[in-house]
Structure formats: structure tokens, C-alpha cells
Amino acid sequence: MILAGIILAEAAILAGKNAVQSQSYGPEARGGASRSEVIISDGKIDYPKVTQPEVFLALTPEAYAKYRHDLADDALLVVDESLEIGDDLPETVRVLRVPIIDSAVNTLKRPIVANIIALGVVAGVSSIVEKEYLEQAVLHRVPKGTEELNKQALELGFQLAADAVSGNK
């Protein structure tokens with residue numbers, strides 16, 4: 001998810017906004033909880049860390065368990081549909097369950113693009129950055145030779161967002 005955070009921040013800057021991105025990793029070499037924070041603002045950003053996320057994306061139980069406690073009361077929580085989240089969230093938190101990992105594995109046949117699908121989902125449901133700027137940033141940041149696959153992943157994320165918001169699956 002680190003790359004997705006970097007791409008989101010770059011897209012915001014391309015859109016003329018101010019953005020800051022930071023990241024942290026668990027002690028595990030692979031598979032542990034990682035965190036990418038992005039702050040996007042039309043104005044000045046006074047503090048470079050997220051204190052209460054308004055949008056929170058969790059694809060793994062480890063990431064959800066470790067970082068969910070900081071959520072703003074009116075946050076949007078986007079989770080992979082396979083993730084069990086319990087019922088102890090404030091009623092004001094909007095939860096959106098989306099088949100991100102399943103779509104990466106079964107639709108695009110490449111699990112590695114789950115982060116780009118997730119980026120499209122978050123942007124699609126939050127309208128935080130326009131699609132054209134996200135696509136530019138994706139094409140700038142992904143490894144050469146994977147541009148078309150990542151464009152498809154981003155597009156799939158936007159479609160999943162539209163389906164989730166309209167209640168379709």
C-alpha cells in the first residue's frame with residue numbers, strides 16, 4: 001500500500017493541491033502491517049502526520065487491528081470483503097466492503113495490483129483526486145512494462161467503487 005500512497009500524493013499535487021505522504025512498516029520483512037499516510041489539502045498543511053483519518057483502507061486483519069483505533073468518528077472505512085471487522089465501530093463510521101483482493105487474483109490474475117485497485121476504489125468513493133491525475137501518477141510510478149496492467153487495475157477499482165456505492169456486486 002506504500003506505492004498507492006505515493007501515487008495518491010503525486011496525483012493530488014498534479015491536481016494543484018498540497019499533499020504530504022509518509023509511511024511506516026512493521027518489524028516483519030514481508031506480510032506485516034504497513035501504513036501509508038496521505039494528507040491532501042487545498043490550503044497549507046501544518047502537520048505532516050494523520051491524526052484521525054477521514055478515509056481508512058484496510059486489506060489485512062493485521063493492518064485493520066493495528067491502525068483502526070485512530071479513525072475519525074465520521075470516517076469512511078474501506079475494507080476488502082474478506083476482512084472481518086466486528087461491530088465495535090462507531091455508528092457514524094461508513095463501512096464499504098469491496099472485493100479488492102479477489103478482483104486482483106481472479107479478474108486481473110495478478111495479486112500484486114491489489115494496491116492499485118484499492119487506490120481506484122478509494123478515489124472512486126471519496127472523489128479526493130480526479131481520475132485523470134491518478135492515471136498520470138500511476139503511469140509515472142509503476143515499473144516499466146506494467147503500465148497497461150496498472151491502468152486496468154485502476155479502472156477496475158473505479159468500477160468496484162461505483163458498484164459498491166450503487167449496491168451492485
- Cross-link pairs Lys109/Lys131; Lys44/Lys144; Lys44/Lys131; Lys44/Lys151; Lys49/Lys144 - those with Cα-Cα distance over 28 Å: Lys44/Lys144; Lys44/Lys151; Lys49/Lys144
- Item | the chain: relative contact order as a whole-number percent, Cα under 8 Å and 6+ apart | 20 percent
- Query: If R0 is 30 Å, what FRET efficiency do you get for Glu155 and Thr92 from their C-beta distance, rounded to 0.05?
  - Reply: 0.45
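Once R0 is set to 22 Å, what does the formula 1/(1 + (r/R0)^6) return for the Cβ-Cβ distance between His69 and Val165, expressed as a FRET efficiency to the nearest 0.05? Let's see the in-between values first.
Details: r = 26 Å, r/R0 = 1.19.
It comes out at approximately 0.25.
Need one word for the chain: rounded, prolate or oblate. Basis is the Cα gyration tensor (sqrt eigenvalues a ≥ b ≥ c); a/c below 1.5 gives rounded, then a/b vs b/c decides.
Working: a/c = 1.30, a/b = 1.05, b/c = 1.23.
Rounded, because the longest to shortest axis ratio a/c is under 1.5.
Every number here is computed from the coordinates shown, using simple stated rules; none is lab data. In this text the structure is predicted, and so the values were computed from the model without any measurement. Methodologically, a virtual Cβ is constructed for each residue, glycine included, from the backbone with ideal geometry; neighbour enumeration extends over all protein chains shown.
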